[in-house]
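The values are calculated or read from the model by the stated rules, or taken from the named source; none is laboratory data. Treat the numbers as computed from the prediction; the structure is a model and nothing was measured. Using ideal geometry, Cβ is built from the backbone for each residue, glycine included, and neighbour counts are taken over all protein chains shown.
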Amino acid sequence: MYQEIIISGLGGQGVLSMGQLLAYASIQEEKHVSWLPSYGAEQRGGSATCAIVISDEPVGSMIVSKPNSAIVLDNNAFDRLESKVASNGLLILNTSLINRKSTRTDIDVIEIDATKLASELGNQKIANMILLGAYIQKTNILKFDSITESLKKVLGPNKQNLLEINEKALQLGSDIVKIY
């Protein structure tokens, strides 16, 4: 198994946290992983991207140029990444913030109104977890137990009160893909 994933959006949308979560869960499952964050100078509102490689074998390079999967949270990221996803790959879109449709016919595209659904759950900031839940369900790359256990680490001791709503968001994303 070898997966290259790019997650991209705006600073403050939890892009880097999603990547960390995948990395920690991969380590927990004793897989090889690399996590390479990239973000603009702005703390919120600038571009944020992370590349993750998950493999059963040692990872030779952290550079991801033709990802198997991309999780895209805004229009700018969509413009940059739609064409880069490998054929037979997966593109997951937050349609709350992307106003175009993919024209690719050689990849799976999952469209989720994640920001709207997150608001309905009570916190717009968990849109990222809805998208991540969809990714985990679609690819089966990691176990949900590993993701939820790693969530405790990513949230840290001061944000454990957010654990339940994040787990609900992950489950919602998973459930959406089950009926997609």
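Collect the residues in region 14-31 that are closer than 27 Å to N76 by Cα and either touching a helix residue (DSSP H, G or I) at 6+ places or on another chain (Cβ under 6 Å) or aromatic (F, W, Y) (or both), keeping them in residue-number order.
Within region 14-31, G14, S17, M18, Q20, L21 qualify.
Do you know which residues across region 26-42 are over 13 Å from the mean Cα position of the chain (by Cα) and not polar (S, T, N, Q)?
Answer for region 26-42, where residues must be over 13 Å from the mean Cα position of the chain (by Cα) and not polar (S, T, N, Q): I27, E29, E30, K31, H32, V33, L36, Y39, G40, A41, E42.
Report, by residue number, each residue of region 142-162 that is assigned to a helix (DSSP H, G or I), without any contact (Cβ under 8 Å) to a residue 40 or more places away in the chain and either farther than 12 Å from E29 by Cβ or touching a Cys at 6+ places or on another chain (Cβ under 9 Å) (or both).
Of everything in region 142-162, those that are assigned to a helix (DSSP H, G or I), without any contact (Cβ under 8 Å) to a residue 40 or more places away in the chain and either farther than 12 Å from E29 by Cβ or touching a Cys at 6+ places or on another chain (Cβ under 9 Å) (or both) turn out to be T148, K152, L155, P157, N158, K159, Q160, N161, L162.
When you scan region 83-92, do you find a residue that is among the charged types (D, E, K, R), modelled with pLDDT of 95 or more and more than 24 Å from I165 (Cα to Cα), even just one?
There is at least one residue in region 83-92 that is among the charged types (D, E, K, R), modelled with pLDDT of 95 or more and more than 24 Å from I165 (Cα to Cα).
Return the residue satisfying two criteria in turn: it lies in region 139-152 and is more than 20 Å from Q13 (Cβ to Cβ) and of a type outside the set (S, T, Y), and of such residues it is surrounded by the most Cβ atoms within 10 Å (Cβ to Cβ).
Going through the qualifying residues, I end up with L142.
Would you check if there is a residue in region 164-177 being assigned to a helix (DSSP H, G or I), of a type in the set (D, E) and crowded, with 16+ Cβ neighbours inside 10 Å?
Within region 164-177 (the criterion being assigned to a helix (DSSP H, G or I), of a type in the set (D, E) and crowded, with 16+ Cβ neighbours inside 10 Å), the answer is yes, since at least one residue qualifies.
So is A127 of a type outside the set (D, E, K, R), buried (at least 19 other Cβ atoms within 10 Å of the Cβ) and under 12 Å from the mean Cα position of the chain (by Cα) or not?
It is true that A127 is of a type outside the set (D, E, K, R), buried (at least 19 other Cβ atoms within 10 Å of the Cβ) and under 12 Å from the mean Cα position of the chain (by Cα).
Within region 68-84, is even one residue surrounded by 15 or more Cβ atoms within 10 Å (Cβ to Cβ), among the small types (G, A, S) and without any contact (Cβ under 8 Å) to a residue 60 or more places away in the chain?
Within region 68-84 (the criterion being surrounded by 15 or more Cβ atoms within 10 Å (Cβ to Cβ), among the small types (G, A, S) and without any contact (Cβ under 8 Å) to a residue 60 or more places away in the chain), the answer is no, since none of the residues qualifies.
Of a type outside the set (D, E) and assigned to a loop (DSSP other than H, G, I, E, B): is that true of S65 in this structure?
Spelling it out, S65 is indeed of a type outside the set (D, E) and assigned to a loop (DSSP other than H, G, I, E, B).
Quick one: in region 1-33, of everything that is small (G, A, S) and at pLDDT below 95, which residue is surrounded by the fewest Cβ atoms within 10 Å (Cβ to Cβ)?
G12
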